[in-house]
Amino acid sequence: MNKRKALKTLAGAAGWTAMAAAGLGLAGCSPDAPKFNAVDITGADYAKDFQLADADGKQRTLADFKGKVVLLFFGYAQCPDVCPTTMAEMTQVKQKLGKDADRFQVLFMTVDPERDTPAIMKAYMQAFDPSFVALVPTLEQLPQVAKDFKVYYKKAEGSAPGSYTMDHSAASFVYDPQGRLRLYVRYGTPVDAMASDIQALLAG
């Protein structure tokens, strides 16, 4: 296999997150840039912003959280594993931030607006941390939001009539205090590693 073909094969197998890190993590070229545990996607041309209602019906954008590191996760309230695990980990991350905890904002965007009413989402956030904010797109808004953020979701029909689960992306997006997209955090990243990345962004 010649060198050019080998490089093409490796690029195809690496997956879009690795390519994003290689092609967009420009900050890593500087010796003074922080070394993150998550995938550095600084400069990515997607997942830039949103304008959606929260669980109280208030229209929200990233600008509402300026001055904080924001972590945005896509999920749904009836998720049996990934979503509650991620939110529980976010409460641990916040605890590890100590005096900087108030400068960390978790956003949870539902991919199941058919069942996830504002009231349900508000209660779901309260179960983890009252400061966590739920975003509730309408059924009409969700496809465009998913496209803008390059996330996957699909309804998976259950065994009982009318029952279903939602397959969905399990990673999180992290924005710095200026509202710039910086990190892509894969599901399963250790709490200490996430806390370290957030502290680095807060210090930057």
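Would you point out the residue of the stretch 171-204, among those that are charged (D, E, K, R) and not in a loop (DSSP other than H, G, I, E, B), that is nearest to TYR46 (Cα to Cα)? Give the steps one after another, and end with the answer.
Taking the stretch 171-204 first, the residues charged (D, E, K, R) are 176, 180, 182, 186, 192, 197.
Within this subset, residues satisfying the condition of being not in a loop (DSSP other than H, G, I, E, B) are 182, 192, 197.
Values: ARG182: 11, ASP192: 27, ASP197: 21 Å.
Of everything passing the filter in the stretch 171-204, ARG182 is nearest to TYR46 (Cα to Cα).
For the stretch 147-166, check the following and say yes or no: at least one residue is in contact (Cβ under 8 Å) with a residue 24 or more places away in the chain and touching a Lys or Arg at 6+ places or on another chain (Cβ under 7 Å). Looking for residues that are in contact (Cβ under 8 Å) with a residue 24 or more places away in the chain and touching a Lys or Arg at 6+ places or on another chain (Cβ under 7 Å), one finds at least one in the stretch 147-166, hence yes. The residue list VAL145, VAL111, VAL106 contains one member that is buried (at least 22 other Cβ atoms within 10 Å of the Cβ) and farther than 22 Å from MET194 by Cα, which is VAL111.
Where strands (runs of 3 or more DSSP E) sit wholly within the stretch 83-170, those with at least 3 residues that are within 20 Å of GLN51 (Cα to Cα) occupy 104-110, 133-135. Yes or no: ARG180 of a type in the set (Lys, Arg), in contact with a helix residue (DSSP H, G or I) (Cβ under 7 Å, 6 or more places away or on another chain) and surrounded by 13 or more Cβ atoms within 10 Å (Cβ to Cβ)? The answer is no for ARG180. I'd like to know if the stretch 81-94 contains one or more residues that are surrounded by fewer than 18 Cβ atoms within 10 Å (Cβ to Cβ) and aliphatic (A, V, I, L, M). Scanning the stretch 81-94 turns up at least one residue that is surrounded by fewer than 18 Cβ atoms within 10 Å (Cβ to Cβ) and aliphatic (A, V, I, L, M). Against the test of being within 16 Å of LEU62 (Cβ to Cβ) and over 14 Å from the mean Cα position of the chain (by Cα), the options PRO130, PRO137, PRO143, PRO118 yield a single qualifying residue, PRO137.
Just so you know, in the stretch 148-177 the residues that are within 21 Å of GLU89 (Cα to Cα) and charged (D, E, K, R) include one that is surrounded by the most Cβ atoms within 10 Å (Cβ to Cβ), and it is ASP176. When ASP45 is tested against (1) closer than 22 Å to ALA123 by Cα; (2) assigned to a loop (DSSP other than H, G, I, E, B), just one condition goes unmet, and that condition is (1).
Against the test of being at pLDDT below 95 and out of contact with any helix residue (DSSP H, G or I) (no Cβ under 8 Å at 6 or more places or on another chain), the options PRO161, PRO143 yield a single qualifying residue, PRO161.
Cβ-Cβ contacts under 8 Å between residues 6 or more apart (or on different chains), taken from a first residue in the stretch 36-51 that is farther than 30 Å from GLU140 by Cβ and polar (S, T, N, Q) to a second residue that is modelled with pLDDT under 95 and outside any loop (DSSP other than H, G, I, E, B), are listed as THR42/LEU24; THR42/LEU26; THR42/ALA27.
The values are calculated or read from the model by the stated rules, or taken from the named source; none is laboratory data. Everything quoted here is computed from the prediction, not taken from an experiment. Counting neighbours? That spans all protein chains shown, and the Cβs are built from the backbone with ideal geometry, glycine included.
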